[in-house]
1. So for segment 134-157 (the condition being at pLDDT 85 or above, out of contact with any strand residue (DSSP E or B) (no Cβ under 9 Å at 6 or more places or on another chain), more than 21 Å from residue 242 (Cβ to Cβ) and surrounded by 18 or more Cβ atoms within 10 Å (Cβ to Cβ)), does at least one residue qualify?
2. Which residue pairs have Cβ atoms closer than 6 Å, lie 6 or more positions apart in sequence or on different chains, and pair a first residue in segment 24-44 that is surrounded by 11 or more Cβ atoms within 10 Å (Cβ to Cβ) with a second residue that is at pLDDT 80 or above?
3. Please specify each residue of segment 45-69 satisfying the condition of being at negative phi, surrounded by 11 or more Cβ atoms within 10 Å (Cβ to Cβ) and assigned to a loop (DSSP other than H, G, I, E, B).
4. Here are some residues: 216, 210. Which one is surrounded by 19 or more Cβ atoms within 10 Å (Cβ to Cβ), farther than 30 Å from residue 135 by Cβ and modelled with pLDDT under 90?
């Protein structure tokens, strides 16, 4: 496992550096007039940019309030991590639980309802889900489903300032962000479990007198979780895109929410920093999924 983790981390670092270098070259090729004039060769400029970005964490100045890109990333990244590091695991766990119900109780009312919800959340755009959640849960507009646990979704509070207020403010964005992930995980878990439950070792566990819940939890779900994690890691780039929309809908002060404005005004220094942050988040999530998958299924370590 130590070798697997080390290989995944090195591959993740290499991926982030390659994406950053490619972004630098494309921007300088397409819009050379948007950058300060430099008489040095492009390869030297690229090397300097990579050194500043990954060693000194400096990306230059942004058009937003004449502030540095590093300052904007430092202020917005905690909100991004608050959204992703909870919504993604929440969606995977909820989806796997629902998929287990659908696989072990096919044709029942519960399985049909869960499958219908999964189909709905796969189709519904996250910005529409966010708008509907705002209308349902926001106490500022006399919402019909106003609950104490769900205050106005726009009132983001940092975790370090007030953990309880942070939890309340992020509850609805987590649900909206995790809904399509849960739907995707449910469908994959259901398909994988149908095959796993037919395996001889599962039938042997039943024959030994183990409880059905124990067999499902210890013997069936771990191998069925491997394809679920693989599928979620493949969709991480789309999940990051959903995170941008969720932050815009709920006015979360994440740095990812600045992507659209940075592209609109041509803030290339900020765009380069956002590319580094986005690619780092993607490879962080995919690396975590690979490590967990290798832990659950030793065959993938090869």
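The values are calculated or read from the model by the stated rules, or taken from the named source; none is laboratory data. Remember, predicted model here, so these are calculated numbers, not experimental data. Positions of Cβ are backbone-derived with ideal geometry, glycine not excepted, and every protein chain shown enters the neighbour counts.
1. Residues of segment 134-157 at pLDDT 85 or above: none.
The answer is no, given that none of the residues of segment 134-157 is at pLDDT 85 or above, out of contact with any strand residue (DSSP E or B) (no Cβ under 9 Å at 6 or more places or on another chain), more than 21 Å from residue 242 (Cβ to Cβ) and surrounded by 18 or more Cβ atoms within 10 Å (Cβ to Cβ).
2. Listed by first residue and then by second, the contacts come to 24/46; 24/49; 27/268; 34/268; 38/45.
3. Across segment 45-69, the qualifying residues are 58, 59, 62, 63, 64, 67.
4. Values: 210 fails: surrounded by 19 or more Cβ atoms within 10 Å (Cβ to Cβ).
Answer to the check: 216.
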